[in-house]
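Asker: My structure is below; once you've seen it, I'll send some questions.
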Amino acid sequence: MKGSGDPEYLAGRFVKGPVKSMEEALEGARHIMAEWMSENRRLRNTVRRYYQRHAVIQCKVVSGKEEEGEKYRDYFDFSEEVRRCKPNRFMAIKRGQREGFLKYQVQPDRKKVLEELERQAIRYSSPCDTEIKKALRDSYSRLIRPSIENEFLKDWTEKSDEVAIRIFGENLKQLLLGAPVGEKRILAIDPGFRSGCKIVCLSEQGDLLHNETIYPHAPKNDRKSAGKISTLVRSYRIEAIAIGNGTAGRETEQLIRSIRFDRDLQVFVVSEAGASVYSASKIARQEFPQYDVTVRGAVSIGRRLMDPLAELVKIEPKSIGVGQYQHDVDQTRLKNRLNQVVENCVNHVGVDVNTASKELLTYVSGLGEKLAQNLVNYRQEKGAFTTREELKNVPLLGPKSFEQAAGFLRISNPKNPLDGSAVHPERYSVVKKMARTLGVSVSELVGNSELTEQINTKDYLTEEMGEYTLNDILQELQKPGRDPRKRAKVFEFKKGLKTVDDLTEGMVVPGIVTNLTGFGAFVDIGIKVNGLVHLSEMADAYVSDPTEVLSLHQTLDVKVISIDRKRNRIGLSIRQV
């Protein structure tokens, strides 16, 4: 006879009404226990701890998708402990799943987890152990594991997003602060084969002076193209040439370098990333309503050579193409971070209030879109600003906005030399005091390093103005309105290198860094495909972050260490050069 502690004996008391059998009664009891267990903090924390320390991500290719999903081949049969899985791999797997090529699961060893849960749930032996274990397995499989897994994946996704957003932000910063050629007359070319090469000539201020299309490449091979370019260079007094790095870019560069011009010209290959986005945008249509997208795209290429910051702020940051899975991350967080990066870059460099576009002014601290438009409208109606004080006349630009923005807005050729510097109007009085002490005028002090070296900052310390601020003022007085960016330098790819078929392993070639990711750096070596320098090939020492040793648009020599022609992948090395 079964004892009173036997589960079947106990269940028998509940066999009545809707409960038709002892098994139904036991099953109902197990469900109740499973619910209790799923709400037990200690059991949940145990599973959570196993996910954090021992979870494994297992990934497989979807049957029949092997050929179509070739780019995900590295994950067709992939398994790795989550704590060792890099964020970029996790994001690649998630994208592969979303596109229907991969399927994955993340969980710790089921047997070990259940053994630990049983040790905690069953403290002493009893006739009910078997039923408790069944309830525990059910609770784990049906309730605890899915809940903790969702929580874990959400947390892992957020961390991966943060890494991707940080990398994108750093890349964007380097891109926006890229070296400008400055105010030069530019001939810009948006290359193409069948559709021809769109050419524009720009003034020193970036105004469009001329545009036309030539067909120097197949299928037309117009031999007069070189003569037309030479004529345009002479007629518009061109000082530099910008060539887009897209289709037919290398062929167009070789054409330009083969022409004998009547002057020394700098020839640059410029990234086209985002140019097509700009050319079809509302901003581009407002700037060039009478021209089509091809002309606007060529203008953008030329202007980003003159001043990358001023031109790239017109393009949605995530469309510039210097990120890592930027379309997969939380878009609100990405937008906020990138807008912050753009604003910091704009304020770091400063802007000429009389030439800056509305888009550039929008990112100046204290302005925003409405005030930027008011400022542009004001200068169109009243003419160029001659002093910073005039900014106070702009509608809606109150004392607070003026205080925030004035130090970042420059006046070119100003009446007051400080208006062309980064010295804030609130600090003009201390500069005047410095000049009086030296017995010179402010105009004589500004830009005179011999005089500024005689200034002792301790003489001007106050509660409102510390030594750090005074040192900044002195640096600015030495080189007022200085651009903190480096100047653009000419770079040439290896001659004769056009496609991946021209490469051989062991070849050392010059390249330019186009993108930095969590796993390495992509380098343009002058063919259609960028090569990858993995973290392990960057230096002899361990590198955890590419930005520690490389920067965007950095030029360097790389060695070709692997070529996968089927997948169009090129492995490069810096440390083996």
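The values are calculated or read from the model by the stated rules, or taken from the named source; none is laboratory data. Treat the numbers as computed from the prediction; the structure is a model and nothing was measured. Here the Cβ is made from the backbone with ideal geometry for all residues, glycine too, and neighbour counts use every protein chain on show. Quick note on the areas: whole protein, heavy atoms, side chains included, nothing else; ligands and nucleic acids left out. Shrake-Rupley method; radii C 1.70, N 1.55, O 1.52, S 1.80 Å.
Asker: Being closer than 23 Å to GLU343 by Cα and of a type in the set (Ser, Thr, Tyr) narrows it down to one of SER429, SER412, SER443, SER449, so name that one.
Answerer: Every option except SER412 fails the conditions.
Asker: Among the residues of the stretch 503-537, count how many are more than 21 Å from LYS159 (Cβ to Cβ), without any contact (Cβ under 8 Å) to a residue 40 or more places away in the chain and in contact with a strand residue (DSSP E or B) (Cβ under 7 Å, 6 or more places away or on another chain).
Answerer: Total satisfying the criteria: 4.
Asker: Would you confirm whether or not the stretch 234-248 contains a residue that is of a type in the set (Ser, Thr, Tyr), farther than 17 Å from PHE491 by Cα and out of contact with any Gly (no Cβ under 7 Å at 6 or more places or on another chain)?
Answerer: Yes, the conditions are met somewhere in the stretch 234-248.
Asker: Moving to a separate point now. State whether the residues of the stretch 166-177 include one that is open to solvent by 40 Å² or more (accessible area, probe 1.4 Å), in contact (Cβ under 8 Å) with a residue 60 or more places away in the chain and not in a helix (DSSP H, G or I).
Answerer: yes
Asker: Within the stretch 446-471, which residues are surrounded by 15 or more Cβ atoms within 10 Å (Cβ to Cβ), in a helix (DSSP H, G or I) and either at pLDDT 90 or above or of a type outside the set (A, V, I, L, M, F, W, C) (or both)?
Answerer: THR452, THR457, TYR460, THR469
Asker: So which pairs qualify, if the first residue must be in the stretch 99-125 and farther than 20 Å from CYS85 by Cα, the second must be open to solvent by 40 Å² or more (accessible area, probe 1.4 Å) and of a type outside the set (Val, Ile, Thr), the Cβ gap must be under 7 Å, and the two must be at least 6 apart or on different chains?
Answerer: So the pair list comes out as GLY100/LYS65; VAL113/TYR50; LEU114/ARG137; GLU118/LYS133; GLN120/ARG42.
Asker: I've got another one for you. Kindly provide the set of residues from the stretch 213-238 that are of a type in the set (S, T, N, Q) and open to solvent by less than 20 Å² (accessible area, probe 1.4 Å), ordered by number.
Answerer: SER225, the sole residue that qualifies.
Asker: Now for a different question. I need a count of the residues in the stretch 484-539 that are at pLDDT 90 or above, of a type in the set (S, T, N, Q) and either in contact with a Pro (Cβ under 8 Å, 6 or more places away or on another chain) or part of a loop (DSSP other than H, G, I, E, B) (or both).
Answerer: The total comes to 2.
Asker: Sticking with this one: Can you name the residue in the stretch 77-101 that is among the hydrophobic types (A, V, I, L, M, F, W, C) and closer than 11 Å to ILE57 by Cβ and, of all such residues, is most open to solvent (accessible area, probe 1.4 Å)?
Answerer: Per the criteria, the residue is PHE78.
Asker: While we're looking at this one, here's another question. For the stretch 431-445, which residues satisfy the criterion of being surrounded by fewer than 16 Cβ atoms within 10 Å (Cβ to Cβ) and outside any loop (DSSP other than H, G, I, E, B)?
Answerer: LYS432, LYS433, ARG436, THR437, LEU438, SER443, GLU444, listed by residue number.
Asker: Let me ask you something else. Among the numbered criteria (1) surrounded by fewer than 16 Cβ atoms within 10 Å (Cβ to Cβ); (2) touching a Pro at 6+ places or on another chain (Cβ under 6 Å), which single criterion is violated by GLY244?
Answerer: Every listed condition holds for GLY244 apart from (1).
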